[in-house]
């Protein structure tokens, strides 16, 4: 039997000025690449009748980052000017926590989330993991997302390393990782996007190491 056509929603997470001109600058993929692709995904979703959810991280007004009403808190103009179907303010990493997100999805019988926006390893990951636990399919637009570098007492990692490793992990169990162009093609065709799995990913890594 052919796979049922996914009932998608595009979730555009925290595309806010803080990540472009503030204290948390997305490095990989560069925002000069990811931002236009986020816009392309939104335009394609709107044209295809796929609902779009904009998400905005909010902190108290006096907060040094994402303070409600500040420039850093505001959605980037390239996202804010485009049509959307729902706007969610959140104060935790997952879009689900303390919001109406789950009810909004259920009322529209959404079974597949397409995730774009920032950051790959924080709010994207939290939302992807929770959506999987709630039984939804997830698609991760790898080139329309992004990370920044970290260093702390546990070690350090570049933005590229963080983004790449999270993407690999997502594709084993939690999300179908795809390019924006691949996602647009699948959305226009009403087709699901294949996802890897843990045993196959492990076997491929062992085979690569043995070469």
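We did not get these values from a lab; they are worked out from the coordinates using the rules stated. No experiment lies behind these values; they were computed from the predicted model shown. Cβ: placed from backbone, ideal geometry, glycine included. Neighbour counts: every protein chain shown.
Residues in the range 117-131 that are outside any strand (DSSP E or B), over 15 Å from residue 171 (Cα atoms) and in contact with a strand residue (DSSP E or B) (Cβ under 7 Å, 6 or more places away or on another chain): 119, 123.
Of the residues making up the range 142-191, those that are part of a loop (DSSP other than H, G, I, E, B) and touching a helix residue (DSSP H, G or I) at 6+ places or on another chain (Cβ under 7 Å) are 148, 149, 175. Within the range 145-172, residues that are under 19 Å from residue 18 (Cα atoms) sit with their Cβ atoms under 7 Å from residues that are exposed (fewer than 14 other Cβ atoms within 10 Å of the Cβ), at 6+ positions apart or across chains, in these pairs: 150/156. Filtered by the rule that a residue be over 12 Å from residue 78 (Cα atoms), touching a helix residue (DSSP H, G or I) at 6+ places or on another chain (Cβ under 8 Å) and not in a helix (DSSP H, G or I), the range 13-42 gives 13, 14, 24, 25, 26, 27, 28, 29.
Taking (1) under 23 Å from residue 96 (Cα atoms); (2) surrounded by fewer than 16 Cβ atoms within 10 Å (Cβ to Cβ); (3) without any contact (Cβ under 8 Å) to a residue 12 or more places away in the chain in turn, residue 199 satisfies each apart from (1). Taking the criterion of being surrounded by 14 or more Cβ atoms within 10 Å (Cβ to Cβ) and within 14 Å of the chain's Cα centre (by Cα), the residues of the range 170-190 that qualify are 170, 171, 174, 175, 176, 177, 178, 180, 183. I need the full set of residues from the range 67-98 which are closer than 18 Å to residue 40 by Cα, assigned to a loop (DSSP other than H, G, I, E, B) and in contact (Cβ under 8 Å) with a residue 12 or more places away in the chain, in order please. 76, 82, 83, 84, 85, listed by residue number.
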